[in-house]
1. Hey, does segment 199-206 have a residue that's of a type in the set (D, E), under 19 Å from the mean Cα position of the chain (by Cα) and in a strand (DSSP E or B)?
2. From A240, A226, A192, A215, which residue is farther than 24 Å from Q153 by Cα, without any contact (Cβ under 8 Å) to a residue 24 or more places away in the chain and aliphatic (A, V, I, L, M)?
3. Would you mention how many residues in segment 59-78 are outside any helix (DSSP H, G or I) and either surrounded by fewer than 16 Cβ atoms within 10 Å (Cβ to Cβ) or at pLDDT 95 or above (or both)?
4. From the residues in segment 132-170 that are assigned to a helix (DSSP H, G or I) and of a type in the set (D, E, K, R), which one is surrounded by the most Cβ atoms within 10 Å (Cβ to Cβ)?
5. Scan segment 102-160 residue by residue and report those that are at pLDDT below 95 and hydroxyl-bearing (S, T, Y).
6. Being aliphatic (A, V, I, L, M), surrounded by 17 or more Cβ atoms within 10 Å (Cβ to Cβ), touching a residue at least 40 places away in the same chain (Cβ under 8 Å) and assigned to a strand (DSSP E or B), is that true of even one residue in segment 108-131?
7. For segment 96-107, give me each residue that is more than 21 Å from D174 (Cα to Cα) and touching a residue at least 24 places away in the same chain (Cβ under 8 Å).
8. If L129 satisfies every condition in (1) closer than 22 Å to F247 by Cα; (2) touching a Leu at 6+ places or on another chain (Cβ under 8 Å) but one, which is the exception?
Amino acid sequence: MHRLSGLCGLILLLSCSTSVHAEAILVSAAASLSNAFKEIGEDFQRDHPGYRVEFNFAGSGVLLQQLDRGAPVDVFASADQHTMEQAQDKGLLNDLSRRDFARNSLWLVSPLASQLTLQRLEDLQQPELRRLAVSHPDSVPAGRYARQALQAQGLWAPLQARMVFTQNVRQSLDYVARDEVDAGFVYASDAALMPERVSKRFEVELAEPVLYPIAITRYGMGKEAAERFLQYVLAEPAQATLLRYGFSEP
């Protein structure tokens, strides 16, 4: 309830500080999309002066909880298919609007100055690696992907005592960049933001691709603004922006 109240308060604050003549589009998007979507939002507003875009970034699971509690969100973009399917099963979406719009990959990263040898998941067992950042797998897709990969190698249980669970993938990236952990799991797009502070060690092999879906919510159904923004994300200029931020085509 507190999260929903805070979100509604944020919407009210943003609405008061922006022109009352522009129609608002509220977009809830996975934390890993923050940088790319902020630029896409600015480009959209430039090309569509009658609209303004307001973003709510968090772990995909948290965004789903907010939607389920009635948050007035027009467009939802998650970092995995599982969360979007949950939203669909709960009747929170305009099912026909759902599209995959970007692809990512999961990487193990370390602080740039780290001397650890990290070439495969088994290397995480070395005693010198004491703290491993993992986004919480129950609410963050990156954490769920990491857990699946580690479980496949029989490493999830043995490594749990070293894990530092984070609220989203950006927090994992920050911990690595500040040298507060020895390694962490982040997306390729996140690692690309801090090449001067974070070292990409290896891509984690996954059983399923990291595909990002987007859809208009039940709240946003019938709104021309929501449809325009979704189509803008799928169009070439926004796709080029996503590519520059380390994503790939779905």
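The values are calculated or read from the model by the stated rules, or taken from the named source; none is laboratory data. Bear in mind the structure is a predicted one, so any value in this text is a computation, not a measurement. Here Cβ is always computed from backbone atoms with ideal geometry, including for glycine, and neighbour counts include all displayed protein chains.
1. Yes: one or more hits.
2. A240
3. Going through segment 59-78 one residue at a time, the tally reaches 10.
4. Restricting to residues being assigned to a helix (DSSP H, G or I) and of a type in the set (D, E, K, R), the top hit is R170.
5. S139
6. Taking every residue of segment 108-131 in turn, at least one turns out to be aliphatic (A, V, I, L, M), surrounded by 17 or more Cβ atoms within 10 Å (Cβ to Cβ), touching a residue at least 40 places away in the same chain (Cβ under 8 Å) and assigned to a strand (DSSP E or B).
7. Selection gives S97, R98, R99, D100, F101, A102, R103.
8. All conditions are met except number (1).
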